[in-house]
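Written below as structure tokens is the structure these notes are about.
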Amino acid sequence: MEVKTAIEQKSLLATLTPGKRTRLRRLLFEFGPGQGTLLFLPIDQGIEHGPRDFFPNPASKDPEYQFSLAAEAGYSAIACEIGLASKYYPDYAGQVPLILKLNGRTDVPPAEAPLSPCNANVEDAVRLGADAAGYTLYVGSPRQDDDLIQLGHVRRDCDRFGMPLIVWAYPRGSAIDKKGGRDSFYAIDYAARLAMEMGADVVKLNMEKIDPEKDKDSPAPYNDGGFTQEDAIRHCVASAGRSLVVLSGGSKVDDETLLDQTRFILEAGGSGVIYGRNVWQREHSAALEIIEQIKELMLSSVTRIP
Amino acid sequence: MEVKTAIEQKSLLATLTPGKRTRLRRLLFEFGPGQGTLLFLPIDQGIEHGPRDFFPNPASKDPEYQFSLAAEAGYSAIACEIGLASKYYPDYAGQVPLILKLNGRTDVPPAEAPLSPCNANVEDAVRLGADAAGYTLYVGSPRQDDDLIQLGHVRRDCDRFGMPLIVWAYPRGSAIDKKGGRDSFYAIDYAARLAMEMGADVVKLNMEKIDPEKDKDSPAPYNDGGFTQEDAIRHCVASAGRSLVVLSGGSKVDDETLLDQTRFILEAGGSGVIYGRNVWQREHSAALEIIEQIKELMLSSVTRIP
Amino acid sequence: MEVKTAIEQKSLLATLTPGKRTRLRRLLFEFGPGQGTLLFLPIDQGIEHGPRDFFPNPASKDPEYQFSLAAEAGYSAIACEIGLASKYYPDYAGQVPLILKLNGRTDVPPAEAPLSPCNANVEDAVRLGADAAGYTLYVGSPRQDDDLIQLGHVRRDCDRFGMPLIVWAYPRGSAIDKKGGRDSFYAIDYAARLAMEMGADVVKLNMEKIDPEKDKDSPAPYNDGGFTQEDAIRHCVASAGRSLVVLSGGSKVDDETLLDQTRFILEAGGSGVIYGRNVWQREHSAALEIIEQIKELMLSSVTRIP
Amino acid sequence: MEVKTAIEQKSLLATLTPGKRTRLRRLLFEFGPGQGTLLFLPIDQGIEHGPRDFFPNPASKDPEYQFSLAAEAGYSAIACEIGLASKYYPDYAGQVPLILKLNGRTDVPPAEAPLSPCNANVEDAVRLGADAAGYTLYVGSPRQDDDLIQLGHVRRDCDRFGMPLIVWAYPRGSAIDKKGGRDSFYAIDYAARLAMEMGADVVKLNMEKIDPEKDKDSPAPYNDGGFTQEDAIRHCVASAGRSLVVLSGGSKVDDETLLDQTRFILEAGGSGVIYGRNVWQREHSAALEIIEQIKELMLSSVTRIP
Amino acid sequence: MEVKTAIEQKSLLATLTPGKRTRLRRLLFEFGPGQGTLLFLPIDQGIEHGPRDFFPNPASKDPEYQFSLAAEAGYSAIACEIGLASKYYPDYAGQVPLILKLNGRTDVPPAEAPLSPCNANVEDAVRLGADAAGYTLYVGSPRQDDDLIQLGHVRRDCDRFGMPLIVWAYPRGSAIDKKGGRDSFYAIDYAARLAMEMGADVVKLNMEKIDPEKDKDSPAPYNDGGFTQEDAIRHCVASAGRSLVVLSGGSKVDDETLLDQTRFILEAGGSGVIYGRNVWQREHSAALEIIEQIKELMLSSVTRIP
């Protein structure tokens, strides 16, 4: 079974209130590659994994590295938490838009029933001049009740302040592990739809991994083995509906894979990518170089104007 | 033992405040089949089950499909959550009334003690121009304390804003499973009464399944085997008292069953049906056709004017 | 050991604020048997047990039955939850006072650590014209911390709005079961005192059952076997101090037992009874008849003017 | 190791805001024995233990007994919960100061991780004309997080309203039991300090019991066996610093023990005693007699003027 | 692998709002050793460990000892909880700045999933004239969700009131124990970064202990054994970025170790030390003497002006 072309979606911007539209347009058209695409630089790994991610490129331990990279290379926005937003972003205000991530957690304790607690709120985002708020949703976690209530508060504040809402939609927890795992087509397709239904303007997804052995544990029709990875991407983009989709890179991969998945997501109707370690674990000139390649590829692959 | 005719109930509308009456009249008389009946189209399966429900009819993955169907076929209202209500409903505002469902959950983790957390509130419903708010209550769940407190907040806001309250009354959880199960006459009769007692204006119930083997585990008199399914429907409608009852269809059944249960519920004094997958898992013209049949049958079977 | 006569208590009304006094006087003197007595009709069984309680008298399933009975027979008040109070009480406003019960739970899940969650608040009671608010306290439940905090909020609102507070004081949970059980003299004596100490104006108790075998597990002096049931009633009334005591009937008993316990409680200094199933599980004329007997007996047995 | 004399503390009153100073002076100088001492009558046993404590002296079941005793014998204050404060204290307003205890719990469930939930707040205390608020802190309970947060709210309200805060500092729970037990010098010394650090103006402690066998489980230096009970009292008073210390009596002891511990605490720099059952489990004239003895002894033993 | 020199950080003060800058400058330049260094005296051991820490120097049990020492010896600030701040600090107001610690817990119960509950808030700090608020974060605790939410509230209040935020960043709990333990380089490096990311202006860390055996359980690259303690300190200071770092002493060590670690931290770009028991467990003149040595060493080792 296949989805040949992504479902044609009406312009997202047309459905947004003036505040959200004003801010999101900055990311889509005024900064980054432009033409309605999104290229985000995330620097939340110090919370989610700890400083160990900075060792491959010692310069990356200083947040200045990522902020200056984002501004110099022309990202659509940089995504970080309150500490960096307060102490490092001010020097770059106006040079690169800010996505304030509102929740986060360390990976120290086991995550059978994870919840990412909010350490900041939408009013902080407004105060800091952010153009979007970010929220990590652990789709399918046994603590989904706390998660969805918390997200509901964030979503309402976003509506109240006209702040675009970007949801990091991550399948996680013991129950997902039993149904194909966090990277399965089933899990990520569900995540895409749930984030959209909860009011996300942009959904951040990880790349699905088709694994026939694991997929057998997913519910039908995901368990029947007839899907390619391209099918899966198209489906997930369609599941997010009018919400824009950005694909994340995860840990560092080789350049070809990185560029391939960039092209896939844009051709499938996605709006862009969010690459952290894949970019800032390189030294400065190498980072600028790969970003330039990504931006060019994005503009030549873009299929949807939001 | 039997209940030959449903208990004659005084007009519900006569007991409602002006705000609730204004809104509920729209659903009962101005839209849908009319004559005091209710025909709802639910599109919350993307949250409750994930996108897997859309595969039988790929067009159904795009929420436009359900919204245009609801408007074109003349439903009493469409029921969805905040994401769809924000991004898809605006194009149909005024063409079909909106029921904003305030809570929801994925079916990924096991549900021995389920709770459906609120991701939106009644003020969102007011802001979006909804004519009713929807709430899923898991009757008999070990977490009923959190559930009833949460519902209490929703109910008070509905009273404050004059917003009709529709309760999806679902018996669920490990304790219900030990007493006959979620579809037993005992469980659904209890659900009908509880929802009414908690302040529902409309109660959404699933069709009971008489199963003598399972019913033995229910308390007396439900365990004595003397009830037909028609008895059960009449009892449940009576248990809901002045609150209107709509029956849901659940997963797709054959047309005859669908039409039979539609007639049963209306003859028993119920006010209508809420059919999702049974309708939108059909292609467009087939969907329109069955809706037309349902509407005609409803009008010819209606026994109660609220 | 015995308590020959109930401790002489000062008038409760004299200690109350004007709002509470105004409302409670209506129940004690203007409605019901009068002369400072209380005769309550509870109709919360649909929540606490489900519709199964209505089968013995099918007419009782329609709340109209209890409301009209309460008004026609001249009860001091009818006690129900928000749904019935909103949809059925309005027709009887001014004909019989309303006690709005604020919390309730189904008996579906096991109750080793029960908590009865609030689904309404005192402001609802004010809005609906109620003359008292009702709260179920599970004395000795392992969740007493949540229970007492919740009751504290209700009590403060009652003080703020001048609303009399009636506490259904029920010993419950695994710990009580190990100390003689929910009906033991120990448990009910404790319940009477706790409710009074928490600010109840009226305490609703179940009749104690003296059971030497079970009482051995109660702490001294309750475990020494020297108490009659009359002793126990007198003690419990004394433990409630200035708070008025009403005795409940529980499931249906024979008329002699019913009238005996009515007399006992009033002779012991209690203020009345709360009879639900014992009354409305009878057909209409039989119900009116027993109520008349109860009222006469109350007036001839009354020993305390509050 | 010994603490020969209690650390000389600066006047507590000098550190207090006008509201706290005004109210606390009433207890220390205007009522009770005077000269900066404190003699409290607690009547919260009906909550903490149930009515069983009233059997030794049946008259004591009527709260009038304790209120009239407190007023007639000239206590510094009577300590009770909201029910008694609302229904019995008004007759004695102005005759004996009131300490409103804000939290309490039954002893029905096991107490491995106890928490005493608040059923009233400081605003209630203000409204009722109380001169202090009381709070029970379970030092070392596994639920200390909820306890300290709850106490923090009470403490802030006391600061806001100028209401003196009296902390019943009770070591409790499974962890304390493993380190020498609730009556150990270690546990009570810790309790004294913690209560002071949390903002108590007066700390209520139980008398330590030196038990070399149990003390071995306490941390150093409490486990080395070199302490007398007099050492322990002095240490605990010193640990409470500028906060005043009152010693409780617990269950009834013989008169000699009672008077001895009264003298000990005052000689050690404590400010007084809180005797409930030791007093009101006696009949009226015997109670007055022992109170007179206690008051005289207090005035002749007092070593600290706050 | 090594970090030869600490990453050059821009002035912290330049990034702060006027309120935070005003207050933090007092600690850095007007009190204590000056020249942008920090020397804190903590007196929260009475809560965290109980009075047992005061036995080595009995005079230290009276908080006057620490307050007068802090003022006389010229500390940058004294850190304590609400009780001491209310009852002892007023005499020293203006003589030594105050850090109000907002949370704390006893060490009585086991700490597999620790949380330090707030007993005071930032408004208390403002009211008491404090120049900073202190918060203990248990990095990696299974209860990190409650912890980070609580810290988020404190951080927002600090932003609102212009109050500098000092985070005691302590790796703790069962999960950390399995990954090298609370003193491992991995754990403390993570703690430094997390505190900075959560908005700390100053981060308080414990000295790492390199232990090849335990470090094997840490994630790469911390598990490869190639780090010296000097490397570790430099890394942790770098991980805290623009947030200032102070190193704590823990239990009493010999003078040489104490002075060595003071020098290490300042040479590594840290801003100072927080020494409690190492100072006030000495008698008065010895304490003054070691403080003088520490201050001189700090000024001669300082490498960073914030």
Verdict on D:P51 being away from every other protein chain (no Cβ under 14 Å) and touching an Asp or Glu at 6+ places or on another chain (Cβ under 8 Å) | no
Within the range B:113-132, the residues that are open to solvent by less than 10 Å² (accessible area, probe 1.4 Å), away from chain C (no Cβ under 14 Å) and over 16 Å from B:L84 (Cβ atoms) are B:S116, B:P117, B:V122
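Test of understanding: among D:A169, D:A200, which residue is surrounded by 24 or more Cβ atoms within 10 Å (Cβ to Cβ) and either among the basic types (K, R) or more than 9 Å from every other protein chain (Cβ to nearest Cβ) (or both)? Outline the logic, then answer.
Values: D:A200 fails: either among the basic types (K, R) or more than 9 Å from every other protein chain (Cβ to nearest Cβ) (or both).
Going through D:A169, D:A200 in turn, just one is surrounded by 24 or more Cβ atoms within 10 Å (Cβ to Cβ) and either among the basic types (K, R) or more than 9 Å from every other protein chain (Cβ to nearest Cβ) (or both): D:A169.
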Does C:L194 meet the test of being outside any loop (DSSP other than H, G, I, E, B), more than 12 Å from every other protein chain (Cβ to nearest Cβ) and among the aliphatic types (A, V, I, L, M)?
-> no
Filtering the range E:115-168 down to residues that are out of contact with any strand residue (DSSP E or B) (no Cβ under 8 Å at 6 or more places or on another chain) and of a type in the set (G, A, S) yields E:S141, E:G162
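I'd like the full set of residues that are in a loop (DSSP other than H, G, I, E, B), within 10 Å of chain A (Cβ to nearest Cβ) and either of a type in the set (A, V, I, L, M) or open to solvent by 10 Å² or more (accessible area, probe 1.4 Å) (or both), limited to the range B:86-108.
B:L102, B:R105, B:D107, B:V108
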Only one residue in D:G94, D:G74, D:G181 is touching a residue at least 60 places away in the same chain (Cβ under 8 Å) and more than 22 Å from D:G199 (Cα to Cα). Which one?
-> D:G74
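Could you tell me whether any residue of the range E:48-63 is under 24 Å from E:S271 (Cα atoms) and out of contact with any Pro (no Cβ under 8 Å at 6 or more places or on another chain)?
no
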Selection from the range A:112-144 of residues in a loop (DSSP other than H, G, I, E, B) and touching a Gly at 6+ places or on another chain (Cβ under 7 Å) yields A:E112, A:A113, A:P114, A:S116, A:N119, A:A120, A:G140, A:S141, A:P142
Those residues that are modelled with pLDDT of 95 or more and either under 14 Å from the mean Cα position of the chain (by Cα) or open to solvent by 30 Å² or more (accessible area, probe 1.4 Å) (or both), I need them from the range A:217-227; list them, please.
-> A:D217, A:P219, A:A220, A:N223
Across the range C:166-180, what is the total count of residues that are under 18 Å from C:T136 (Cβ atoms), of a type outside the set (F, W, Y) and not in a helix (DSSP H, G or I)?
-> 6
Since B:A287 meets every condition but one in (1) under 29 Å from B:K179 (Cβ atoms); (2) open to solvent by less than 10 Å² (accessible area, probe 1.4 Å); (3) not aromatic (F, W, Y), which condition does it not meet?
-> (1)
Show the residue pairs that are 6+ apart or on different chains and have beta-carbon atoms under 6 Å apart, the first residue being within the range E:133-159 and facing another protein chain (nearest Cβ under 7 Å) and closer than 17 Å to E:A192 by Cβ, the second being of a type in the set (S, T, Y) and surrounded by fewer than 24 Cβ atoms within 10 Å (Cβ to Cβ).
-> E:G140/A:T106
Qualifying residues in the range A:271-284 (those that are open to solvent by less than 10 Å² (accessible area, probe 1.4 Å) and more than 11 Å from the chain's Cα centre (by Cα)) - the one farthest from A:G241 (Cα to Cα) = A:W280
Selected residue (criterion: modelled with the lowest pLDDT) from residues of the range C:228-248 that are open to solvent by 20 Å² or more (accessible area, probe 1.4 Å) and not polar (S, T, N, Q) = C:E230
Would you pick out the residues in the range B:66-85 that are touching a Gly at 6+ places or on another chain (Cβ under 7 Å) and surrounded by fewer than 24 Cβ atoms within 10 Å (Cβ to Cβ)?
-> B:G74
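Please go through the range E:5-33 and pick out each residue that is of a type outside the set (S, T, N, Q), in a loop (DSSP other than H, G, I, E, B) and buried (at least 18 other Cβ atoms within 10 Å of the Cβ).
Going residue by residue through the range E:5-33, those that are of a type outside the set (S, T, N, Q) are E:6-8, E:10, E:12-14, E:16, E:18-21, E:23-33.
Imposing the further condition that a residue be in a loop (DSSP other than H, G, I, E, B) reduces the set to E:6-8, E:10, E:12, E:16, E:31-33.
Answer for the range E:5-33, where residues must be of a type outside the set (S, T, N, Q), in a loop (DSSP other than H, G, I, E, B) and buried (at least 18 other Cβ atoms within 10 Å of the Cβ): E:A6, E:I7, E:L12, E:L16, E:F31, E:G32, E:P33.
The values are calculated or read from the model by the stated rules, or taken from the named source; none is laboratory data. This is a predicted model, so every value here is computed, not measured. Using ideal geometry, Cβ is built from the backbone for each residue, glycine included, and neighbour counts are taken over all protein chains shown. For the accessible areas, the whole protein counts, side chains as well, though only heavy atoms, and no ligand, DNA or RNA atoms are used. Shrake-Rupley method; radii C 1.70, N 1.55, O 1.52, S 1.80 Å.
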